[in-house]
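Encoded as structure tokens, the structure appears first; notes follow it.
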Amino acid sequence: MRSFLRAKLHKATVTEARLDYVGSVTIDRDLMDAADIAPFERVMIVDNTNGARLETYAISGPRGSGKICINGAAAHLVRPGDEVILMTFEWTDRPRPPVVLLLDADNRIARRLDDPENQEPAPEAALYE
């Protein structure tokens with residue numbers, strides 16, 4: 001088995017960073033549902049603003065809030081206003097194209113990059129043909 005990308009929230013904007021919380025990343029529940037991210041699922045975060053990378057787990061934020069809150073020690077690495085990518089992975093022998101959601105500045109879904117109607121073929125596309 002290998003680990004493959006399963007879901008990605010691309011160009012999310014961090015709305016809060018809370019050092020006083022035990023840990024995790026709070027994600028708007030609507031975004032979690034759209035990307036099929038489960039509460040307490042492991043999430044990798046890449047900060048496009050400063051280059052930081054970290055892993056934590058997801059917790060649900062209020063629906064429709066656009067909330068992306070970095071909690072606990074990770075708040076030392078990621079600040080409000082930073083642009084981040086949130087990714088989940090799965091172990092499988094049968095990879096499939098991941099869910100890839102491009103977000104706008106308010107953390108609303110601007111478009112689904114995994115929809116063939118909304119993208120140019122990527123070099124990785126040949127892996128799934």
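The values are calculated or read from the model by the stated rules, or taken from the named source; none is laboratory data. Nothing here was measured: the structure is a model prediction, and the numbers come from that model. Cβ atoms come from the backbone with ideal geometry, glycine included; neighbour counts cover every protein chain shown.
Scanning the stretch 94-110 for residues that are at pLDDT below 95 and charged (D, E, K, R), we see that the one that is surrounded by the most Cβ atoms within 10 Å (Cβ to Cβ) is Arg96. Every listed requirement among (1) over 12 Å from Ala75 (Cα atoms); (2) over 10 Å from the mean Cα position of the chain (by Cα) is met by Ala7 save one, (2). Being assigned to a strand (DSSP E or B) and under 30 Å from Asp93 (Cα atoms) is the requirement here; does Ala17 meet it? No; evaluated as a whole, the condition is false for this residue.
Filtering the stretch 68-89 to residues that are surrounded by fewer than 16 Cβ atoms within 10 Å (Cβ to Cβ) and of a type in the set (D, E, K, R) leaves only Arg79.
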